1. Cross-link candidates for LYS66: which lysines have Cα within less than 23 Å, leaving aside residues fewer than 8 places away along the same chain?
2. Classify region 1-110: rounded, prolate or oblate, from the alpha-carbon gyration tensor (a ≥ b ≥ c, eigenvalue square roots; a/c under 1.5 rounded; otherwise prolate if a/b is larger than b/c)?
3. Across the chain, where is the longest run that never hits GluC sites (Glu not before Pro) in a DSSP loop with at most 14 other C-beta atoms within 10 Å?
4. Loop only by DSSP, 16 or fewer other Cβ within 10 Å of the Cβ. Give me the chymotrypsin sites (Phe, Trp or Tyr not before Pro) in region 59-97 that pass, ordered by residue number.
5. Evaluate the relative contact order of region 2-177 (contact order divided by residue number), counting alpha-carbon pairs under 8 angstrom at least 6 apart; express in whole percent.
6. Classify region 62-180 as rounded, prolate or oblate, taking a ≥ b ≥ c as the square roots of the eigenvalues of its Cα gyration tensor: rounded when a/c is under 1.5, otherwise prolate if a/b is larger than b/c and oblate if not.
7. Quickly estimate the mean residue ellipticity at 222 nm for the chain, helices only: each DSSP H run with n ≥ 4 gives -39500 (n - 2.57), and the total goes over all residues, rounded to 500.
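Quick note: the coordinates plus some simple rules give every number you see, no bench work behind them. If you're wondering where the values come from, they're calculated on a predicted model, not measured in any experiment. As a convention, Cβ positions derive from the backbone with ideal geometry for all residues, glycine included, and neighbour counts pool all protein chains shown.
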Amino acid sequence: MIETSRLILRPFKKGDLEAFSKINANPDVMRYFPAPYDTGKTEKMLDGFEKKQRRFGYAFSAVERKSDGVLLGMAGLSRLEDGVPFAPCTEVGWRLTPEVWGKGYASEAALAWLEHGFTALGIDEIYSYTPRLNLPSEKVMQRIGMSRAAELDFDHPAIEDGHILKPMVVYRMSRQEFRP
């Protein structure tokens, strides 16, 4: 578990499924994904997080607001063994409910995870990627100090050819570049 001034970053619990499913089903949240997720897909996602946590010692986790215990979404680190051209690697990512967009929660959670990854876990480099159209996530990457790695941009292999979400932009940060 990681705490920031406003957030608790913790493993997902079984009781989080309903709230996280609602976030994953929201068309605004999922506009940069091929489709919203149903409860079954969200449940598989959470199972995958649990497996990665056991295997690597870290995974995407729940973002809970300290002041009221509300689940705001997810953020964290995830080990990628394949699926991107620069794998194996570790990525930082986030997905939050629209009610908290623009309040700095994504940056706060991502910075806490970067610090944990570089200091506690000893990771040398952390990546982040998003569809070229997803300017809000790209702005978070810039705000948290990640550098654009245009030479690593790629077409996502899991998205059909010609789809507007296929082209990805890549950012990265090394342990030496991180400034807490």
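1. The qualifying lysines are LYS13, LYS14, LYS22, LYS103.
2. In terms of gyration-tensor shape, rounded.
3. Answer from the scan: 1-80.
4. Answer by residue number: PHE86.
5. Relative CO of region 2-177 lands at 18 percent.
6. It is oblate, given that a/c is not under 1.5 and a/b is not larger than b/c.
7. -8000 deg cm²/dmol
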